[in-house]
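Presented below is the structure to which this report refers.
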Amino acid sequence: MLFTSYGFIAFLALVFLAYYLVPKRWQWGLLLAASYAFYCFAGWECLIFILVTTLSAYGIARAMGYAAAKEEAYLALHREEMEKDARKKYRAAEKKKRFRILLAGLVLNFGVLAVLKYTGFVVFNLNSWFSFGENGLAIPDLLLPMGISFYTFQTMGYLIDVYRGKTTVEKNPARLALFVSFFPQLVQGPISRHSDLASQLYTPHSFDRRGFTFGVQRILWGYFKKLVIADRVLIAMRTLLDEPEQYRGAYVALLILLYSIQIYADFTGGIDITIGVAEALGIRLTENFERPFSSRSTKEYWRRWHITMGTWFTDYVFYPVSVCKPMMKLSKWSRKTLGNNVGKRVPVYLATVLTWFLTGLWHGAGWNFIVWGLLNCLVILISQELEPIYARFHGRFPRLTSSWGYGKFMAIRTFLLMGLIRSLDCYRDVGTTFRLWGSMVTTWNWGELGEGIFSLGLNAVDFLIVLGGCGVVAIVSSLSAKRSVRERLYDRPVLSWTLCGVLFLTILLLGAYGIGYDASQFIYNQF
Amino acid sequence: MERLLAILSDLHPDVDFATAEDLVDDGILDSLDIVTLVTEINGEFDVTIPAEEIVPENFNSAAALMALIEKLDEE
């Protein structure tokens, strides 16, 4: 069920109504039923996968919880008679046992994800590398359950947090099932932490007019971004990507700009709807964006874009890999062999490359996604190496580098660089992408763009709507930096409701629903 | 504490680590800095900082970091 379908709006209205009418102790049960009903709309056959994840996570977490309680009880009983070293050894041995239990859960769940998502990609590459031709292995047509990347990552985060003692073990399997399947965030995140979300899901919520109003306003805002901006830009994107070799040079630059607008409006719009739905239910989800296009560097951009995915990879991949025993040994060895300066970079850089490789792979089973991840990594590592030069430059020209103009220059530079790398998403084929990037230098057709831009399926009015929409989004985003616009307007109800009415009418009148138009999937649904 | 401050200053000579209290929250230390720091501390203090202890609260100030090192040494 698409967020942009009438069915979803009706479903949402029913859930809101029932949620605040049923006795409060039934609320979480109602949310669980709603989440599974929402999931069933994607097909009954997908249920088995989310059930396997839920039940395995339940069993694994309980087993780790039991082992940890046993360890603490033993230490409490024998603390006096145990030396410090003996305590350390005992703790280490017990931790190893718990790690084995955790590993079983991770292998099972990431294994299911890997088989369903990447088998086709592996088989395709094997056929291609070994030139099997007609004798090649058949590419299996496997089912990819809705939201599997998101709910698997969220649930595995829970297991790792239980192992680390950062969250409580859920003793009721139905409650854990709700944490895994909470419907607003099931298809495109944000990827929540159990310690942040779980208690909110199970706590009874009374109807709060302010929270509910804010939630509905945020949902409207999400629909505005998605239907008025993203889906309108999508029409031009489809033309540009239908036969990409026809649209070279300046059109590639245009595509980079349009895709940046589309993915921002689509993904942040979807997250606005998600967070808005949760807010209307009295549940606060973690924000996934923090004005990413105002970032001055790639590192900053990745702290502000898809935040929950970034922190997931940092906490559960980058740090553990960087500080694991083999890496520490490698660090010592490389310092001895390569010198302190180069040697100390080895573990950090290896872990960074691995993290970005996996981040690319998470986005999709394709070389374009892997190259996308590795290019981001390359830019981050080069920036890291250039930092002393930047620092010297900043020290030499303090007035220039602290000026408004220099800040904007840095933000535009980051926006363009990220846009360029992001276009690997669009062309899907790495060779084509590189060729078309090159055409921006070799094919000088900027003069054609003036007329050609209107042959992409959008007329002047459409472009004006996109431009105006982007302007409104930029103003709201800028105003929200200190305090959200909804809060600013809450004490001025007439203005607030007038603006909501205008927003609603804008979505109805200017949403991209022309003849033959089909409300599209959110881009991140496919990840 | 001096040894820790020396390691920190080596990483960012322009920061006054003795007084700074929001090193991670203010973006002074990023993930790459933190891993470099952990590697240095593991070597200098003979403790092992596990991944689960790499949270902003433990790295926001030199004092918090020192408290973590002492806790790990005690355990």
May I ask you to list pairs of residues, at least six apart or on different chains, whose Cβ atoms are under 7 Å apart, with the first in the range A:481-506 being among the β-branched types (Val, Ile, Thr) and the second being part of a helix (DSSP H, G or I)?
A:VAL485/A:VAL476; A:VAL485/A:LEU479; A:THR506/A:PHE224; A:THR506/A:VAL228
Expected single match for over 16 Å from B:LEU4 (Cβ atoms) and either assigned to a helix (DSSP H, G or I) or within 13 Å of chain A (Cβ to nearest Cβ) (or both) among B:GLU40, B:GLU52 is B:GLU52
If you check every pair at least six apart or on different chains, which have Cβ atoms under 8 Å apart with a residue in the range A:382-403 that is within 13 Å of chain B (Cβ to nearest Cβ) and within 26 Å of A:ARG345 (Cβ to Cβ) first and a residue that is part of a loop (DSSP other than H, G, I, E, B) and at pLDDT below 90 second?
A:ALA391/B:ASP14
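Within the range A:194-215, which residues are of a type in the set (D, E, K, R) and part of a helix (DSSP H, G or I)? It would help to see each step written out before you state the result.
Restricting attention to the range A:194-215, the residues satisfying the condition of being of a type in the set (D, E, K, R) are A:196, A:208-210.
Matches in the range A:194-215: A:ASP196, A:ARG209, A:ARG210.
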Pairs where the first residue, in the range B:53-66, is among the small types (Gly, Ala, Ser) and the second is assigned to a helix (DSSP H, G or I), C-beta under 9 Å, 6+ apart:
B:ALA62/B:LEU4; B:ALA62/B:LEU5; B:ALA62/B:LEU8; B:ALA64/B:GLU57; B:ALA64/B:ASN58
Can you tell me which residue in the range B:11-36 is surrounded by the fewest Cβ atoms within 10 Å (Cβ to Cβ), limited to those that are under 19 Å from A:LYS332 (Cα atoms) and within 10 Å of another protein chain (Cβ to nearest Cβ)?
B:ASP33
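Here's the yes/no breakdown for (1) loosely packed, with under 14 Cβ neighbours inside 10 Å; (2) assigned to a loop (DSSP other than H, G, I, E, B):
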site	(1), (2)
A:LEU2	no, yes
A:GLY7	yes, no
A:LEU14	yes, no
A:LEU30	no, no
A:SER35	no, no
A:ALA57	no, no
A:ALA67	no, no
A:LEU75	no, no
A:ALA93	yes, no
Within the bounds of the range B:40-50, is there any residue that is surrounded by 19 or more Cβ atoms within 10 Å (Cβ to Cβ), closer than 27 Å to A:SER295 by Cβ and in contact with a helix residue (DSSP H, G or I) (Cβ under 7 Å, 6 or more places away or on another chain)?
no
Considering residues that are touching a helix residue (DSSP H, G or I) at 6+ places or on another chain (Cβ under 7 Å) and either free of Cβ contacts under 8 Å to residues at least 24 places away in the same chain or within 8 Å of another protein chain (Cβ to nearest Cβ) (or both), the number found within the range A:313-334 is 10
So, in the range A:335-363, of the ones that are farther than 19 Å from A:TRP302 by Cβ and polar (S, T, N, Q), which residue ends up farthest from the other protein chains (Cβ to nearest Cβ)?
A:THR337
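This table checks each residue for (1) assigned by TED's automatic domain parsing to the domain that holds A:ILE50; (2) more than 30 Å from A:TYR264 (Cα to Cα); (3) assigned to a loop (DSSP other than H, G, I, E, B).
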residue	(1), (2), (3)
A:LEU126	yes, yes, no
A:ILE139	yes, yes, yes
A:MET146	yes, no, yes
A:TYR151	yes, no, no
A:GLY157	yes, no, no
A:ILE160	yes, yes, no
A:GLU170	yes, yes, yes
A:ARG175	yes, yes, no
A:PRO190	yes, no, yes
How do the helices (runs of 4 or more DSSP H) wholly within the range A:392-439 filter down when requiring 3 or more residues that are over 22 Å from A:GLN262 (Cβ atoms): which remain?
A:398-401, A:404-422
Which of the residues spanning the range B:53-75 are among the acidic types (Asp, Glu) and surrounded by fewer than 17 Cβ atoms within 10 Å (Cβ to Cβ)?
B:GLU57, B:GLU70, B:ASP73, B:GLU74, B:GLU75
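The values are calculated or read from the model by the stated rules, or taken from the named source; none is laboratory data. Quantities reported herein were computed from a predicted structural model and do not represent experimental measurements. FYI the Cβ positions are ideal-geometry reconstructions off the backbone, even for glycines, and counts take in every protein chain you see.
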